[in-house]
Amino acid sequence: MQQTEHRILVINPGSTSTKIGVFDNEVSVFEKTIRHDSTVINSYETIIDQYEFRKNTILETLDTEGINISKLSAVCGRGGLLRPIEGGTYAVNNNMLADLRAGYSGQHASNLGGILAYEIASGLNIPSFIVDPVVVDELDPVARVSGFSLIERKSIFHALNQKAVARRVSKELGKKYEELNLIITHLGGGITVGAHKMGRVVDVNNGLHGDGPFSPERAGTVPAGDLVELCFSGDYFREEIMKKLVGQGGLVGYLGTNDAVKVEKMIKQGNKNAKLVYDAMAYQVAKEIGSASAVLAGKVDAIVLTGGLAYGKEFVQAISERINWIADVIVHPGENELQALAEGALRILRGEEEVKEYPGR
Ligand SMILES: Nc1ncnc2c1ncn2[C@@H]1O[C@H](COP(=O)(O)OP(=O)(O)OP(=O)(O)O)[C@@H](O)[C@H]1O
Ligand SMILES: CCCC(=O)O
């Protein structure tokens, strides 16, 4: 039996849920998705205002499950919209807390991850970390140039899951992550396609703010001129347009649902519009993968499809048949973010990796 060296609490706050897990070393001993009623969540003006509610919910859940938090070695949260930083495990420090509280790069439920980790850990006098936040930025300089001198391209993507899956696939291929060129495609509520060149994500679409394929909830890249016309038409407030791009874009905008399983049902029932839209989403994902293969100059060891949509056999098939000439396609459906958070903290606690300091200010 494996000896318990480290017990780690991991926290992944999402827009409608808080996922928590307790790990003894790499082994999950408890995982729970705590779903939050949208009326409760929406009663808070900002994401940060939800802090007390989410913290109490986590502590009550652990208490009900009989998990004694005084035995924890560390707490690790999903990192949020911070300043751009390279991938890795970061200690939560005052600069990070200030940026998360202020929403330095915007509002995202994951902003609560570092704050919750810190507040629970500091009461127990143990360290708190975040791992591979959504702002991980390893872009090559050339990838930052947008073509419009007032706007620079940014790196905002599913870094935690992309990096974790990339490491897992590298192991499966019997190589180090730093020895491979991989295209990792996260197919979730948002979709991001990362060009991982020898361990660095040198280019990726900004999944949150209008870049790349459309997804269940995001519009992705839209024709800029037409968008400007719409913004100044006088028909919409700024927040309305933002919502149409993020949250109510993609499948939600076309078909009124973010649930791909429902869309597949619509298609089976003969809904031609649903078929067209679903095909278009697969088509745009394949285009983005093709573009990432050009970033890697065609030297691609594998293309990986992950996230919830990767459970959809026909969706995966529709993407694969357009891109499987580039490299082998490996499918890892779902995400493993709690495990990735635990492993990130563990690498530090075991001294296998040096903890990174968040710069700030
Ligand atoms: N078995 C399935 N077949 C097809 N689609 C599925 C299946 N299971 C889940 N999905 C779809 O996957 C999508 C959600 O993916 P996922 O759970 O990775 O997203 P999320 O965690 O909410 O958001 P994100 O990954 O962007 O942070 C939804 O559209 C959901 O309907
Ligand atoms: C994780 C950033 C991308 C998104 O939320 O869609």
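What is the Cα radius of gyration of segment 160-333 over 2.2 N^0.38 Å, N being its residue count?
1.07
What whole-number value in Å² describes the accessible area per residue of segment 160-333 for a 1.4 Å probe?
On a per-residue basis, segment 160-333 sits at 50 Å².
Just to confirm my numbers, what's the Cα centroid distance between segment 303-323 and segment 195-252 in Å?
That distance is 21 Å.
Please find the FRET efficiency linking LEU150 to ASN324, where r is the Cβ-Cβ separation and R0 is fixed at 56 Å, and quote it to the nearest 0.05.
After rounding to 0.05, the efficiency reads 0.90.
Would you calculate a helix-derived [θ] at 222 nm for the chain, using -39,500 (n - 2.57) for each DSSP H run of n ≥ 4 and dividing by the full residue count, to the nearest 500?
Value at 222 nm, helices only, nearest 500: -11500 deg cm²/dmol.
At a Cα cut-off below 29 Å, give the lysines reachable from LYS275, other chains included and same-chain residues fewer than 8 away excluded.
Partners found: LYS243, LYS244, LYS262, LYS265, LYS287, LYS313.
Over segment 76-215, what is the relative contact order in whole percent, taking alpha-carbon pairs under 8 Å and six or more residues apart?
Relative contact order here is 21 percent.
On a straight-distance basis, which aspartates and glutamates could pair with LYS32 in a cross-link, Cα separation under 17 angstrom, same-chain partners fewer than 8 positions away excluded?
ASP24, GLU60, ASP63, GLU65, GLU335, GLU337
How much of the DSSP beta bridge set in segment 160-333 is antiparallel, as a percent to the nearest 5?
55 percent
Which percent of the accessible area of segment 249-308 is formed by carbon and sulfur heavy atoms (probe 1.4 angstrom)?
So the carbon and sulfur contribution to the accessible surface is 53 percent.
With an 8 Å cut-off on Cα pairs and a minimum separation of 6 or more residues, tell me the relative contact order of the chain in percent.
17 percent.
Considering only DSSP beta bridges whose two residues both sit in the chain, what percent are antiparallel, to the nearest 5?
60 percent
Using a simple charge model, +1 on the beta-carbon of Lys and Arg, -1 on the beta-carbon of Asp and Glu, nothing else, what dipole does segment 206-361 show about its Cα centre, in debye to the nearest 20?
It works out to roughly 380 debye.
Defining a contact as two alpha carbons under 8 Å apart and six or more residues distant in sequence, what relative contact order in percent does segment 160-333 show?
23 percent
The values are calculated or read from the model by the stated rules, or taken from the named source; none is laboratory data. Note that the coordinates shown come from a computational prediction; the quantities given were computed from them, not determined experimentally. So basically every Cβ, Gly included, is an ideal-geometry build from the backbone, and we count neighbours across all protein chains shown. Surface areas here come from the heavy atoms of the whole protein model, side chains and all, with no ligands, DNA or RNA. Shrake-Rupley method; radii C 1.70, N 1.55, O 1.52, S 1.80 Å.
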